[in-house]
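*Asks:* If you scroll down you'll find the structure; I have some questions about it.
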Amino acid sequence: MPSTNHIDHDAYTIVENHLDQRYLVETLSDLARVPTEVPPGFDTFVEPDDPKLVHYVQDVMRPELVRVGMYDLLDVWRNNLVVQTGKRGTGRALLLMNYTSAQHHHDMEDAFSGKIASARDYGVDEPAVFGQGVSSAKAHQAVMLAALKAIHDSGITLNGRLYWALNNESYSSHACSDAIIGALDEKPQFGILQRNTAMRLSLGNRGRVDVNINIHGKVSHSSRPDLGLSAIDGVNEVLNRLKALTWPDEHPLLGKRHAVAYKIRYDPVLPHTLPSDAEMAIDRRMLPDDDPAQAAEEIRQVLGDMSPYDVSVTQGVYMLPALVDENHTGVQTLKATHEAVVGERIQTFYGQGTFDAGGPCALGVPTVMYGASGGVWPNNVDFVPISAVEQEARVLIRTIVDLLGVSS
């Protein structure tokens, strides 16, 4: 994907001059008032067409996109929405994407106030917008609404295809990004997943597969445990056997694999009753070339025969690792535009978490993560400084124009 920055300095200056900072901040505050949170509980998955997300995408975001002049909207499987703008067939296509759901900051009071206030009590002595999901999702949506508005109002025509996707993935899979990329009329040469990276550039991250374990024993009263087969003891045995699972290698950039239990529930839960059944979810982190099915089989093998318990091990949802060459033209362009706007070189890193960048990478669209941050992660107050949101908007405007160019 060739950069065109030798001809477009005037163009992105024109676009930047149309960036409406008041619109950006007011829009973010408005979006922060709309609930999109994943509710706490054992069943943490939310469908992409959950009514809450349908309202946000179709009743809030879609009308706002039309209001800023974006009329070419592509509806994709189960409530995902893609903005399409710029010329087709030039050999240049760029995908920007972000999530709609908020998966953290559940302990935040007045979570949907959308208030604008100083964040000095949280170590950031400057104005910020507060609300659950602003740092992970809504700040980046306000950024792109403002950027698309600036592109439209400037009157320029992008000499390449720009896609911006509202991705409703809340199922810890790549189903939404797979559907989005499959629906595009041109394959992007580069992708940016807007995330709260503190304006750093994520060039890769580990993958993850959920391995689900079901344990069946026999219920009994806690006064006579000898008459039953407690699932609590079964879980304890599973946890002990998982400790024997090791790997001889690690990735020089992404680190190590692991297998860690992160959800357990028992049934029945009754007074002074030892449960017969348990459900467990194991977070098995993956490195490049790891196979999700094989990862589940490793856990099945290390558990072995769990008699007298009846135990099943099944592969659940997964997200693949991401790894992007630092010399890719898209990466180099994003580095340059960040330095031009922020005034300092961008920090690169390789994350330990798992996100959707691995999905596009597996489909041949090298995808990095970048965006403004804030808040007290993972469950406390969420906010994003206004200055960081403005910087993200300017960086992405320049990156879009530099990578796609403008028509003369």
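*Asks:* Within the set of pairs 6+ apart or on separate chains, which have a first residue in region 107-131 that is in contact (Cβ under 8 Å) with a residue 60 or more places away in the chain, a second that is in a strand (DSSP E or B) and exposed (fewer than 13 other Cβ atoms within 10 Å of the Cβ), and C-beta atoms under 9 Å apart?
*Replies:* Listed pairs, sorted by first residue: ALA119/ASP125; ALA119/GLU126; PRO127/ALA117; ALA128/ALA117; VAL129/ALA117; PHE130/ALA117.
*Asks:* Residues to consider are VAL269, VAL260; find the one that is loosely packed, with under 15 Cβ neighbours inside 10 Å and assigned to a loop (DSSP other than H, G, I, E, B). Walk me through it before giving the result.
*Replies:* Values: VAL260 fails: assigned to a loop (DSSP other than H, G, I, E, B).
Among VAL269, VAL260, only VAL269 is loosely packed, with under 15 Cβ neighbours inside 10 Å and assigned to a loop (DSSP other than H, G, I, E, B).
*Asks:* Then there's this: Filter region 149-175 down to the residues that are closer than 23 Å to VAL384 by Cβ and either under 16 Å from the mean Cα position of the chain (by Cα) or among the polar types (S, T, N, Q) (or both) and list them by number.
*Replies:* If the condition is that a residue be closer than 23 Å to VAL384 by Cβ and either under 16 Å from the mean Cα position of the chain (by Cα) or among the polar types (S, T, N, Q) (or both), then TRP164, ALA165, LEU166, ASN167, ASN168, GLU169, SER170 are the ones that fit.
*Asks:* What pairs come up if the first residue lies in region 6-22 and is on the phi > 0 side of the Ramachandran plot and not assigned by TED's automatic domain parsing to the domain that holds SER387, the second is modelled with pLDDT of 95 or more and hydroxyl-bearing (Ser, Thr, Tyr), and their beta carbons are under 6 Å apart, counting only those six or more places apart or on different chains?
*Replies:* As it stands, the answer is none, since no pair meets every condition given.
*Asks:* Quick test of your reading of the structure: GLN301 fulfils all but one of (1) free of Cβ contacts under 8 Å to residues at least 40 places away in the same chain; (2) outside the structural domain of ILE282 (by TED's automatic domain parsing); (3) assigned to a helix (DSSP H, G or I). Name the failing condition by number.
*Replies:* It fails just one condition, (2).
*Asks:* Just checking, does region 114-121 include any residue being closer than 27 Å to VAL368 by Cα and in the same structural domain as THR399 (by TED's automatic domain parsing)? Break it down stepwise before answering.
*Replies:* From region 114-121, those closer than 27 Å to VAL368 by Cα are none; that's our starting set.
No, region 114-121 contains no residue that is closer than 27 Å to VAL368 by Cα and in the same structural domain as THR399 (by TED's automatic domain parsing).
*Asks:* In region 124-151, which residues are outside any loop (DSSP other than H, G, I, E, B) and either of a type in the set (Ser, Thr, Tyr) or at positive phi (or both)?
*Replies:* Our first condition is that a residue be outside any loop (DSSP other than H, G, I, E, B); within region 124-151, this holds for 124-130, 134-151.
Hits for region 124-151 are SER135, SER136.
*Asks:* Take region 287-298 and flag every residue that is in contact (Cβ under 8 Å) with a residue 12 or more places away in the chain and either more than 21 Å from the chain's Cα centre (by Cα) or in a loop (DSSP other than H, G, I, E, B) (or both). Don't jump to the end; show me each part of the working.
*Replies:* Going through region 287-298, the residues in contact (Cβ under 8 Å) with a residue 12 or more places away in the chain turn out to be 287-288, 290, 292-293, 295-296, 298.
Of everything in region 287-298, those that are in contact (Cβ under 8 Å) with a residue 12 or more places away in the chain and either more than 21 Å from the chain's Cα centre (by Cα) or in a loop (DSSP other than H, G, I, E, B) (or both) turn out to be LEU287, PRO288, ASP290, ALA293, ALA295, ALA296, GLU298.
*Asks:* Any chance you could count how many residues in region 152-173 are assigned to a loop (DSSP other than H, G, I, E, B) and surrounded by fewer than 24 Cβ atoms within 10 Å (Cβ to Cβ)? Lay out the reasoning, then the answer.
*Replies:* Looking only at region 152-173, we keep the residues that are assigned to a loop (DSSP other than H, G, I, E, B), and these are 155-157, 159-160, 168-173.
Subset that is surrounded by fewer than 24 Cβ atoms within 10 Å (Cβ to Cβ): 155-157, 159, 170-173.
Total meeting the criteria: 8.
*Asks:* Can I ask one more? Which one of the conditions (1) in contact with a His (Cβ under 8 Å, 6 or more places away or on another chain); (2) closer than 27 Å to ASP356 by Cβ does ASP277 fail to meet, given that it meets all the rest?
*Replies:* Of the numbered conditions (1) in contact with a His (Cβ under 8 Å, 6 or more places away or on another chain); (2) closer than 27 Å to ASP356 by Cβ, the odd one out for ASP277 is (2).
*Asks:* Another question, then. Suppose we filter ALA102, ALA93 for residues that are closer than 30 Å to TYR266 by Cβ, crowded, with 20+ Cβ neighbours inside 10 Å and assigned by TED's automatic domain parsing to the domain that holds ALA372; which single one remains?
*Replies:* On the way: ALA93 fails: closer than 30 Å to TYR266 by Cβ.
On inspection, the qualifying residue turns out to be ALA102.
*Asks:* Ok, one more. From the list ALA388, ALA393, ALA357, exactly one residue is touching a helix residue (DSSP H, G or I) at 6+ places or on another chain (Cβ under 7 Å), closer than 30 Å to MET108 by Cβ, modelled with pLDDT of 95 or more and not aromatic (Phe, Trp, Tyr). Which is it? Give the steps one after another, and end with the answer.
*Replies:* Numbers: ALA388 fails: touching a helix residue (DSSP H, G or I) at 6+ places or on another chain (Cβ under 7 Å); ALA357 fails: touching a helix residue (DSSP H, G or I) at 6+ places or on another chain (Cβ under 7 Å).
From the options ALA388, ALA393, ALA357, the qualifying one is ALA393.
*Asks:* Looking at region 67-82, is at least one residue buried (at least 16 other Cβ atoms within 10 Å of the Cβ) and within 13 Å of SER101 (Cα to Cα)?
*Replies:* Taking every residue of region 67-82 in turn, at least one turns out to be buried (at least 16 other Cβ atoms within 10 Å of the Cβ) and within 13 Å of SER101 (Cα to Cα).
Results for (1) closer than 30 Å to MET319 by Cβ; (2) among the β-branched types (Val, Ile, Thr); (3) assigned to a helix (DSSP H, G or I), shown as yes or no for each residue.
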position	(1), (2), (3)
GLU47	yes, no, no
MET61	yes, no, yes
TYR71	no, no, no
ASN98	yes, no, no
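The values are calculated or read from the model by the stated rules, or taken from the named source; none is laboratory data. Quick caveat, the model's predicted, so the values are computed rather than measured. When we count neighbours, we look across all protein chains shown, and the Cβ atoms used for this are built from the backbone with ideal geometry, even at glycine.
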